[in-house]
């Protein structure tokens, strides 16, 4: 941080910071306590931190930035209009703090050491009226509040919709970490040898059943996430291109919130397996996995805690259905679901019985069935609690949270498998298509396998077919283990980005740790189409 | 590391290091390549690193220690007698390296920054004949090898039995991390508030169903592990007290290997949930969870990789049974299992049907049933592959690895639930007993819940009882959430060891981060018995 003595102004070097979270309110942004009181006389807002819980926490770039986008309760004549966003100057071009602003460095974290996080507090800092970002609510010279969105809840959601692109960006970041981790772990597993038949050469560790069982499902998941996040990005690009307001695209918001939660959790679980599957080597910093783990660990709770994100998914799913019937938020939806859903489900149920369990059709129908039944079940439970038993919505919702989270993930599972299937379908090169199909079948099988208890409970699987699913899962993992090298090679991560000695790519800072590639087959044979596409 | 200039000898400050793992061989210790060639003329062993793969890796204290316990192939007249342990001087009392020894610092790791790990290589280092640790094998002056254990495999296992106490120590370390993490996360969850019913105060986050669902099962598991690791420690103490050789206590070796794997994995999963359940605060170093995670991450792969440990469990289980029938390693066992097991299982199956699913009897029978069926199934599969289909043992075993790992964990699940149940039974204070019983039921329910797919496949649960198990799991978690404070308080971790601001215990290095305790009820009411015992 430049001291006061450093008076050389840095022209064109203004940087910003995003100040939403407070000490007392992280997930529940609506409850933030920072105040922006309109003063009609001076035509200013007075930004103030009224108590310790109102301090802005975890603010990235807090120890260096010049301007902050501060979320605060907009207060006019003593009445709050809810959270709004204000531009507050923090430091001048010489890095000197403006009066009334205080910053505390939050120091050490598990990861992301390149980001300085700090606590921001404001002691009646005055900013011009024009510093309110007024897309969703403005204050006139004479102190009249106007908003294009009447309903305060809708207005609040509109502001939060701005988080959608960064949440999608986080999905891509998680995916990047996952691809790098998998590249390292899979390359190592295909060169490292340990144990083997008596009197013979030890086998590559990828041959151990437990090793490919742990890594292959993650690779299949990474592929599913690649295709699904691209799908979400295309919708987002379309909206931006046509200057559409994100707030009106609730399906996209639900998809991105769900993808954020699913991808960041899958990433952590993947990296942990990569770390364990590479043994002590995976614990060494030069092999990159520890850094990836520590940096991306926070992804699951920032930009919207994952458990909250999954609730956003379900709330949006409910909202979509409700809007369709233009009735009150719960009633119409429930009436619809509990009545007509039964028939549709029965149809789909009958249709599948002729499919083989190793067909994509069977797997797609299974995940679709699950999402629908969970949705119907949740609607019925909420209906019964809120409408029949007159339970408060908060406590009814809370007692269904496990169900909510399960439904949200089931939704994302269905969408990701669908997108993967569509990608396979549109693959123009037959050889690549069949390779991708193997991974797609593995992904679908994994989804059904991990929820087979649910399918058994709902008699969608019999004990016999459930055991078949397990065997299918085991054999799918074994089947793709050699093609895994082609896939990670098609990720096309430049060697200077990998730099993990155990991946056969030296790291100049750890010369002693280099494991030369011992691998002769497959490694450099790249499949043309997936090379170009992944 | 003291430089050569630092000539002040440190009297009584000799430290050692344990040099087993090599670059090429971690899990497969039998395959290590370091050589100890006996030279009858000089009555010395020549310790040598013949190739890069033979370098000793990850050696703790390598950059400072004076002596190393080096595992090497004992070679006499050109023939290897298998790995033996030798004391090799590395540095003199001034910290100066002896000739022929080289050390490379391995630098940065994910955690355990207090331990220096290095690579040791030997260039024909001569040590006296007496430096062979000769309990399991000695070399006479005239170069004759003698061992009290004839069979080389048995001899090798005898040497590895020495790892049992350190593996148990690791279980206690993992448990320590788990208890500290849970103390921090549960105390915070009982003071932090977020979201709530409309117009009312926000609720404590422990009230959110997803929050207690994530934390309570870990607390129950920690209790089960406390009682089980004590049970193992008592057996170990008895053996040490009576100077019995650990090698002869195979059940203990199996128990400790399994406990090591189970406890270290449970610890990581617990700490990850503690981190996520405390949000961004859990990512801050001052709140301790990141440090605990990074330090204990390596536990799952060192002192025996967990996947290997679970194989040790199953091999020992097989060996126990075999010994009983004094036949060849596989045959006798299989014959026994595949014939008589059926009847015993049927009896136990009939016996349970009158128990309620929320009784400890039901849960104990369920985990016992599962272990037995998995055991019988594995025996039958190996029998069929090796005996009938003449498949090589290595490949037969490898194709059953998923089954092996599942059985090993099922074994540990059964033992931990039994030990927990016994501890509850012997608790003398009725109030504490009923509190512990709640956690014991939760633990048993969790075990059955997480494997309910298997129980459904084997028709041990019906779809209806399986759904009941889920509801029981949800309600058990909710039931114990308030008592959780009493339990973590009974862990009796001194405040200066906790020092996590979010746990309401200030950390002098992060004054800004202190969250004063807001909690009024339960916090300081300690249950007498569990206080004294945990």
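The values are calculated or read from the model by the stated rules, or taken from the named source; none is laboratory data. Bear in mind the structure is a predicted one, so any value in this text is a computation, not a measurement. When we count neighbours, we look across all protein chains shown, and the Cβ atoms used for this are built from the backbone with ideal geometry, even at glycine.
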Exercise for the section: Among what's in region B:103-117 and is touching a helix residue (DSSP H, G or I) at 6+ places or on another chain (Cβ under 7 Å) and crowded, with 20+ Cβ neighbours inside 10 Å, pick the residue that is farthest from residue B:47 (Cα to Cα). Expected result: B:110
Handout entry: Lone unmet requirement of (1) more than 21 Å from residue A:422 (Cβ to Cβ); (2) free of Cβ contacts under 8 Å to residues at least 60 places away in the same chain for residue A:238
Key = (1)
Problem - Residue among B:291, B:199, B:280 that is within 14 Å of another protein chain (Cβ to nearest Cβ) and in contact with a strand residue (DSSP E or B) (Cβ under 7 Å, 6 or more places away or on another chain) - result: B:280
Completion exercise
In region A:481-493, anything over 25 Å from the mean Cα position of the chain (by Cα), more than 14 Å from chain B (Cβ to nearest Cβ) and either part of a loop (DSSP other than H, G, I, E, B) or surrounded by fewer than 21 Cβ atoms within 10 Å (Cβ to Cβ) (or both) is listed as A:482, A:483, A:486
Fill in the blank from the handout: Scanning region A:79-119 residue by residue, those outside any strand (DSSP E or B) and within 14 Å of chain B (Cβ to nearest Cβ) turn out to be A:106, A:107, A:108, A:110, A:111, A:112, A:113, A:115, A:116
Fill in the blank from the handout: Expected single match for farther than 22 Å from residue A:479 by Cα, surrounded by 19 or more Cβ atoms within 10 Å (Cβ to Cβ) and either touching a helix residue (DSSP H, G or I) at 6+ places or on another chain (Cβ under 8 Å) or in contact (Cβ under 8 Å) with a residue 24 or more places away in the chain (or both) among A:374, A:436 is A:374
Practice task
Report whether or not residue B:206 is part of a helix (DSSP H, G or I), touching a residue at least 24 places away in the same chain (Cβ under 8 Å) and either surrounded by fewer than 22 Cβ atoms within 10 Å (Cβ to Cβ) or within 28 Å of the chain's Cα centre (by Cα) (or both).
Solution key: no
Handout entry: Which listed residue, of A:247, A:256, is in contact with a helix residue (DSSP H, G or I) (Cβ under 7 Å, 6 or more places away or on another chain), more than 14 Å from chain B (Cβ to nearest Cβ), under 17 Å from residue A:166 (Cβ atoms) and buried (at least 24 other Cβ atoms within 10 Å of the Cβ)
Key = A:256
Practice task
Considering (1) at pLDDT below 95; (2) closer than 30 Å to residue A:459 by Cβ; (3) surrounded by 21 or more Cβ atoms within 10 Å (Cβ to Cβ), say which one residue B:355 fails and leave the rest.
Solution key: (3)
Exercise for the section: Would you mind telling me which numbered condition in (1) touching a residue at least 60 places away in the same chain (Cβ under 8 Å); (2) not in a helix (DSSP H, G or I) residue A:243 fails? Expected result: (1)
Problem - Residue check, residue A:100 surrounded by fewer than 18 Cβ atoms within 10 Å (Cβ to Cβ) and modelled with pLDDT under 95 - result: no
Handout entry: Enumeration of residues in region A:40-69 that are assigned to a strand (DSSP E or B) and farther than 22 Å from residue A:298 by Cβ
Key = A:44, A:45, A:46, A:47, A:48, A:67
Exercise for the section: Considering every residue within region A:45-60, establish whether at least one is surrounded by fewer than 19 Cβ atoms within 10 Å (Cβ to Cβ), under 17 Å from residue A:86 (Cα atoms), in contact with a helix residue (DSSP H, G or I) (Cβ under 7 Å, 6 or more places away or on another chain) and touching a residue at least 24 places away in the same chain (Cβ under 8 Å). Expected result: no
Exercise for the section: Tell me which of these residue B:500 doesn't satisfy, since it passes every other one: (1) surrounded by fewer than 22 Cβ atoms within 10 Å (Cβ to Cβ); (2) more than 13 Å from chain A (Cβ to nearest Cβ). Expected result: (1)
Practice task
Pull up region B:450-464, narrow it to residues that are within 24 Å of residue B:218 (Cβ to Cβ) and part of a helix (DSSP H, G or I), then point me to the one that is nearest to the chain's Cα centre (by Cα).
Solution key: B:450
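Which one of B:387, B:412 is part of a helix (DSSP H, G or I) and either at pLDDT 95 or above or within 14 Å of chain A (Cβ to nearest Cβ) (or both)?
B:412
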Practice task
Restrict the check to region A:178-190 and report whether at least one residue is under 26 Å from the mean Cα position of the chain (by Cα) and without any contact (Cβ under 8 Å) to a residue 12 or more places away in the chain.
Solution key: no
Problem - Residue within region B:423-433 that is farther than 22 Å from residue A:457 by Cβ, away from every other protein chain (no Cβ under 14 Å) and under 22 Å from the mean Cα position of the chain (by Cα) present - result: yes
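Could you say whether any residue in region B:225-242 is within 14 Å of another protein chain (Cβ to nearest Cβ) and in contact with a helix residue (DSSP H, G or I) (Cβ under 8 Å, 6 or more places away or on another chain)?
no
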Practice task
Working only within region B:120-140, note down all residues that are over 31 Å from the mean Cα position of the chain (by Cα), part of a loop (DSSP other than H, G, I, E, B) and either buried (at least 18 other Cβ atoms within 10 Å of the Cβ) or touching a residue at least 40 places away in the same chain (Cβ under 8 Å) (or both).
Solution key: B:123, B:124
